[in-house]
Amino acid sequence: MVSFGVASSRLNAVFSEVKNKWITGLAFFRYLTLQKVINYLLLRSSFHLSQLLQKPLVWGKPTTLSIEPTTSCNLRCPECPSGLRSFTRPTGMLQEQLFERVIDQVKGHLSWLHLYFQGEPFLNPRFMEMVNYADSKGIFTSTSTNAHYLGEKQVTEVLKSGLKQLIVSMDGITQEVYEQYRVGGNLEKVQEGLKLLVSERGKAKQNFPRIVLQFLVTGQNEHQLHALKSWAKEMEVDELQLKTTQIYDFESGSDLIPSDLGYSRYIPVGQGKWALKKKPENKCWRMWQGAVATWDGKVVPCCFDKDASHVMGELKNQSLAAIWGSISYFNFRKQLLADRTQIEICRNCTE
């Protein structure tokens, strides 16, 4: 029988999660306009009709967009091309002029901007100015960080920027476990930065940015899941997200695959081999919902195309609207509807 104290604790956790989602959702809806809502409905309608007709129809413009502030990173995570320094595409920093030009193009229909793709965003010296610019144009903004750059100066800038959601990637609650995946990382520094941000946000009587602690569950850290919830509560983050880990060469297994397959994207199929738990279907809402842009303006289909193997167009000399309706995008969506397994970046995707 569950004790009153345990039940009360669980109820408080559920209430806290609901409250956070309500605050975030309310902020998101405040940025919506009739034009953005109509655009979303057009995209949804054309997505479902495309499945029925087996022909790609796209009636709206991107409602979400991810833009990469930089490919640079201070860590060396083993399943990340930034960490492995393994890109074949050019590496560098997003320039403010290109960013502002894109934002001016999309502000009428874009409902969510995620300032992240690869790398550590805070390494771009103009990062906070970019967030502020997008916010000033009525766009909901979020980003992902490893939280090694949350000193006093950066925290002040974050609170002034208008950033609405800050996702902190942290995969261990002790240094020994944390550094197994976040190679080169310092957990104490992450903790100090989080505490400072929470404290200063409280002093400023602000609700934003909402702080989401994102924990990739692996075979190395799954034993910490129970203690993690208490740790997150102590840190006063707004939300805890447990995520499955993408593994490049999963077919032969990996130490990163957790023993609890409820937290795994993969399942054993015998003779030491592994396969995706969820068989990919010939559809993908992401291809109708939004796009991803690299630091130098290359538009790719989604965040799984980390090395920009499928460039749909370039924002340096094309508008996003023109790229969105291009023959390259049409052919990509057509192949996806016909046989998604023929697209390399889709073979390790749980969408």
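The values are calculated or read from the model by the stated rules, or taken from the named source; none is laboratory data. Small disclaimer: the values here were computed from a predicted structure and weren't measured. Here the Cβ positions follow ideal geometry from the backbone for every residue, glycine too, while neighbour counts run over all protein chains shown. Surface areas here come from the heavy atoms of the whole protein model, side chains and all, with no ligands, DNA or RNA. Shrake-Rupley method; radii C 1.70, N 1.55, O 1.52, S 1.80 Å.
Structure summary
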item	result
Peptides 264-271, 157-164 ordered by average Cβ neighbours within 10 Å, highest first	157-164, 264-271
FRET efficiency for N282 and N317, using Cβ-Cβ distance with R0 set to 45 Å, rounded to 0.05	0.90
Rel. contact order, % - alpha carbon contacts under 8 angstrom, at least six apart, the range 97-172	33 percent
Antiparallel %, DSSP beta bridges [both residues in the chain], to 5	25 percent
Solvent-accessible area, 1.4 Å probe, carbon plus sulfur percent, for the chain	54 percent
Cα centroid separation, the range 237-265 to the range 275-345 (Å)	24 Å
Lysines whose Cα lies under 24 Å from that of K19, excluding same-chain neighbours fewer than 8 positions away	K160, K164, K195, K203, K205, K229, K233, K243
Relative contact order (%) - criterion: Cα under 8 Å, at least six apart; region: the chain	18 percent
Surface per residue (accessible, 1.4 Å probe) for the chain, Å²	48 Å²
Gyration tensor (Cα) of the range 110-210, equivalent ellipsoid semi-axes in angstrom	24, 16, 11
Accessible surface of W295 - all protein chains present, 1.4 Å probe, nearest 10 Å²	40 Å²
Euclidean distance of C-alpha centroids, the range 119-138 and the range 32-94, integer Å	17 Å
Label-to-label distance, nm, for residues given as D339 and L261 (7 Å Cα→Cβ offset)	2.8 nm
Distance histogram in 10 Å bins (all Cα pairs of the range 179-313, percent per bin)	9, 27, 31, 27, 6, 0
Within straight-line cross-link reach of K306, aspartates and glutamates at Cα separation under 17 Å, skipping those fewer than 8 residues along the same chain	E68, E79, E120, D249, D296, E314, E344, E351
Inter-probe distance in nm under a simple model that places probes 7 Å from Cα toward Cβ, at R76 and T350	2.8 nm
